[in-house]
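S.K.: Got a structure for you, written out below as structure tokens; questions coming shortly.
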Amino acid sequence: MDTGTVKSLPGRYCNSLTEYSRFVTREVAIGDVPMGGNNSIRIQSMTTTDTMDTIGTVEQSIRMINAGCEYVRITAPSIKEAQNLAEIKKELRHRGYTTPIVADIHFTPNAAEVAARIVEKVRVNPGNYADKKRFDQIDYTDAEYQGELDRIYQKFSPLVKVCKEYGTAMRIGTNHGSLSDRIMSRYGDTPQGMVESAMEFIRMCEMMNYYNLVISMKSSNPQVMVQAYRLLVETMVAEGMNYPLHLGVTEAGDGEDGRIKSAVGIGTLLEDGLGDTVRVSLTEEPEAEAPVAIALVNRYVERSRKLEVRSRKSENDIDYSPLTIHHSQHSPYEYRKRHTYEANAFIGDHMVPRVVVDLPHANLKDPSVLNDAGYIYSPLLDKYNMGEQSVDFVYLADQLPSFTFPGNLKQLYNYSTWQKLADKTMCHPLFSLQGYLQADDRSSPLNLVKIKPADIDSDEFGSLPLDKSLVFVLETDALHGMADQRTFFFKMEELGLDIPVIIKRTYNFETQDSGLKTQDLQLFASTDLGALLVDGFGDGIWIDAPGIETKVITSTAFGILQATRSRISKTEYISCPSCGRTLFDLMITTQMIRSRTSHLKGLKIGIMGCIVNGPGEMADADYGYVGSGTDKVTLYRGKEAVKKNISSANALDELISIIREDGNWIEPN
Ligand code: SF4
């Protein structure tokens, strides 16, 4: 059987690092909605109802379909739920919906084999399809390792046979937190382990001439997820494969955090031209997910169209720029912060990335204008209180405030205005490249110079006076702006320049309504800035979005830094989106836990609906709150269950006691 045409990209994980170019995968048939090839990037989500509730599941599926889902995934924890998929499918078809259904399988090959005869696609998790995890560290000899693979083949091949016979597609969906003991023992919970976990199953499918596959590499940590997908593509291409990719950040949480985390992971890969279907996992109603996925994906529909019109490039003309990752010290498969110097203790080197916001049109007569930048003014005490999300710099352009600024908040002015300031303490100039070269007064300990990626090849750049007061503010007006800015970092590295860089992006949402523009800002800025931060680029970020409230910009900026793990300013919740296995109301529980723990900066709390998949999926969390039965919760410290099956009425108090015992509790203000 044909294995599809694979464009050879030796040592690469994407077509181009400089132009938007979609990595073309083989087309996979899934009912009447094929995926991969030249098909659009498909949108999907998963129901949260009990699979035995036929009408509830059908009605929720219809809401999801109406919101934009092109596939609907439904959990099948055992044979009875798998069988009930037939009733759900019948009712959906009866109501006129032909949307393909995907059965979600964990641990139950017999349920998978039933479901594969009914639905258009099954999802299996290679970490737990044929294995129960004991978290044992075993040193396998090669023969023992092969023996394990043979055992898995015996369990897995019947499902492949059914899929072949019924024309059912399969997703091999690896999860960072639920890798098998075998994979963990040999590779650890690394991106490489995730890739190998999927590759073992793919190779078995190919041995049986079954190619109707889609692959995913999910993690709740966007950095790990991005690295795993990139490594997967490189590995697949090396083995002559090009299966479609299902993109998702698992347990992303809810609200702003969930959107930002999802966009950092999914958006980064879409920027690389990877991804054939997107599922955004939010701890919200499932119909809230599709609009987020659509907003992420639509940017590339637009981008491809514009690029096509502009250059009429054929696939063979893909830009294989000589400027590749292999010419820089940068690796797309591991995090390494770009080395920069410390600019006079303000920015760079080991310091956390700085946050800049604009206040040029604000009312600079009232100190409370700084509340939205994280400096809460008390008129009574005539004093500012700083929080965890207080910005580092405000840009005032040419406006002069008529009140005293907080002592640690740095102000940026256009050079001509800065020059005239009587007191320049904590005030710094922002120059154009030309302006900096011509300036007669650069006495500030910090000089910020606006630059665009193409400037690096200019004569002006070559004549820049270099000293440790210089920091670049990197802007772009390119259609594929992230790649444009990434090129600048590669070139800086090639030139051996360690000048700190603040990444600036400007967004214009003025024609959109307010709800949408807030979400779009979160998604687009997280994609564009997050994609650079996950690769270790950037000493600061600056989001310029006229028409959007400063407080939204401030919290988006800190959210992006948190999601990329480059600056931690709040508690992190790793909460699953819930599904038919969920044993309590995830949304209410998450809100309840958040209301009592949101002041515990840096702590990661996993909130999982079920025990089956929970402990593994929250591998990244410090503490876990996992459903273990009706009204029963098991609490975890890391991967260890420390209180089992306690009443949900006391579970939050018990969780706080454990945090307290560990010395990690602080009283809220
Ligand atoms: S952890 Fe949550 S989403 Fe995952 S299987 Fe359990 S209930 Fe479903």
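The values are calculated or read from the model by the stated rules, or taken from the named source; none is laboratory data. It should be emphasised that the depicted structure is a prediction, and the values quoted were computed from it without experimental measurement. Note: ideal-geometry Cβ built from the backbone for every residue, glycine included; neighbour counts use all protein chains shown.
S.K.: Give the residues of segment 631-646 that are within 14 Å of the ligand (Cβ to nearest atom) and touching a Phe, Trp or Tyr at 6+ places or on another chain (Cβ under 8 Å), sorted by residue number.
M.R.: Matches in segment 631-646: 633, 636.
S.K.: Still on this structure, please answer the following. Mind telling me which of the residues 464, 479, 470 ends up being out of contact with any strand residue (DSSP E or B) (no Cβ under 9 Å at 6 or more places or on another chain), among the hydrophobic types (A, V, I, L, M, F, W, C) and in contact (Cβ under 8 Å) with a residue 12 or more places away in the chain?
M.R.: Of 464, 479, 470, the one residue that is out of contact with any strand residue (DSSP E or B) (no Cβ under 9 Å at 6 or more places or on another chain), among the hydrophobic types (A, V, I, L, M, F, W, C) and in contact (Cβ under 8 Å) with a residue 12 or more places away in the chain is 479.
S.K.: Is there a residue being within 16 Å of the ligand (Cβ to nearest atom) and of a type in the set (A, V, I, L, M, F, W, C) anywhere in segment 558-569?
M.R.: No, segment 558-569 contains no residue that is within 16 Å of the ligand (Cβ to nearest atom) and of a type in the set (A, V, I, L, M, F, W, C).
S.K.: May I pose another question? So, in segment 365-409, how many residues would count as being part of a strand (DSSP E or B) and crowded, with 19+ Cβ neighbours inside 10 Å?
M.R.: So the count comes out to 6.
S.K.: Of all the residues that make up segment 51-85, how many are in a loop (DSSP other than H, G, I, E, B) and either closer than 13 Å to residue 101 by Cβ or away from the ligand (no atom under 16 Å from the Cβ) (or both)?
M.R.: Total satisfying the criteria: 5.
S.K.: Something else: Considering only residues of segment 437-456 that are at pLDDT 95 or above and not hydrophobic (A, V, I, L, M, F, W, C), which is farthest from residue 506 (Cα to Cα)?
M.R.: 447
S.K.: Here are the criteria: (1) within 16 Å of the ligand (Cβ to nearest atom); (2) at pLDDT 95 or above. Tell me which single one residue 33 does not satisfy.
M.R.: (1)
S.K.: So if I check each of 140, 97, which one is in a loop (DSSP other than H, G, I, E, B), surrounded by fewer than 24 Cβ atoms within 10 Å (Cβ to Cβ) and either outside the structural domain of residue 51 (by TED's automatic domain parsing) or modelled with pLDDT of 90 or more (or both)? Lay out the reasoning, then the answer.
M.R.: On the way: 140 fails: either outside the structural domain of residue 51 (by TED's automatic domain parsing) or modelled with pLDDT of 90 or more (or both).
Matching residue, one of 140, 97: 97.
S.K.: OK, next. Kindly provide the set of residues from segment 504-563 that are part of a loop (DSSP other than H, G, I, E, B), farther than 25 Å from residue 375 by Cα and touching a Pro at 6+ places or on another chain (Cβ under 8 Å), ordered by number.
M.R.: Within segment 504-563, 508, 510, 534, 535 meet the criteria.
S.K.: Here is a follow-up. Is it the case that residue 520 is touching a residue at least 60 places away in the same chain (Cβ under 8 Å) and within 21 Å of residue 472 (Cβ to Cβ)?
M.R.: Details: touching a residue at least 60 places away in the same chain (Cβ under 8 Å): yes; within 21 Å of residue 472 (Cβ to Cβ): no.
For residue 520, the condition - touching a residue at least 60 places away in the same chain (Cβ under 8 Å) and within 21 Å of residue 472 (Cβ to Cβ) - is not met.
S.K.: Can you tell me which residues in segment 264-291 are closer than 20 Å to residue 171 by Cβ, part of a helix (DSSP H, G or I) and more than 16 Å from the ligand (Cβ to nearest atom)?
M.R.: Answer for segment 264-291, where residues must be closer than 20 Å to residue 171 by Cβ, part of a helix (DSSP H, G or I) and more than 16 Å from the ligand (Cβ to nearest atom): 265, 266, 269, 270, 290.
S.K.: Collect the residues in segment 576-590 that are over 12 Å from residue 626 (Cβ atoms) and either part of a loop (DSSP other than H, G, I, E, B) or within 6 Å of the ligand (Cβ to nearest atom) (or both), keeping them in residue-number order. Please lay out each step first, then the result.
M.R.: So in segment 576-590, the residues over 12 Å from residue 626 (Cβ atoms) come out as 577-580, 585, 587-588, 590.
Within segment 576-590, 577, 578, 579, 580, 585 meet the criteria.
S.K.: Is one or more of the residues making up segment 584-594 among the hydroxyl-bearing types (Ser, Thr, Tyr), in contact with a strand residue (DSSP E or B) (Cβ under 9 Å, 6 or more places away or on another chain) and in contact (Cβ under 8 Å) with a residue 12 or more places away in the chain?
M.R.: Yes, segment 584-594 has at least one match.
S.K.: In this structure, is residue 255 without any contact (Cβ under 8 Å) to a residue 40 or more places away in the chain, under 17 Å from the mean Cα position of the chain (by Cα) and surrounded by fewer than 24 Cβ atoms within 10 Å (Cβ to Cβ)?
M.R.: yes
S.K.: Something else now. Restricting attention to segment 212-252, which residues are touching a His at 6+ places or on another chain (Cβ under 6 Å), more than 17 Å from residue 201 (Cβ to Cβ) and either among the charged types (D, E, K, R) or within 16 Å of the ligand (Cβ to nearest atom) (or both)? Walk me through it before giving the result.
M.R.: The initial filter retains those residues of segment 212-252 that are touching a His at 6+ places or on another chain (Cβ under 6 Å), namely 214, 216, 219, 224.
When the remaining residues are screened for being more than 17 Å from residue 201 (Cβ to Cβ), the result is 219, 224.
Across segment 212-252, the qualifying residue is only 219.
S.K.: Quick check, is residue 497 away from the ligand (no atom under 16 Å from the Cβ), more than 21 Å from residue 226 (Cα to Cα), modelled with pLDDT under 95 and not polar (S, T, N, Q)?
M.R.: For residue 497, the condition - away from the ligand (no atom under 16 Å from the Cβ), more than 21 Å from residue 226 (Cα to Cα), modelled with pLDDT under 95 and not polar (S, T, N, Q) - is not met.
S.K.: Among the residues that make up segment 619-630, is at least one of them in a helix (DSSP H, G or I) and either away from the ligand (no atom under 12 Å from the Cβ) or of a type in the set (Ser, Thr, Tyr) (or both)?
M.R.: Within segment 619-630, not a single residue is in a helix (DSSP H, G or I) and either away from the ligand (no atom under 12 Å from the Cβ) or of a type in the set (Ser, Thr, Tyr) (or both).
S.K.: Still on this structure, I have one more. Go through (1) within 16 Å of the ligand (Cβ to nearest atom); (2) within 27 Å of residue 525 (Cα to Cα); (3) out of contact with any Pro (no Cβ under 9 Å at 6 or more places or on another chain); (4) not β-branched (Val, Ile, Thr) and name the single condition residue 602 misses.
M.R.: (1)
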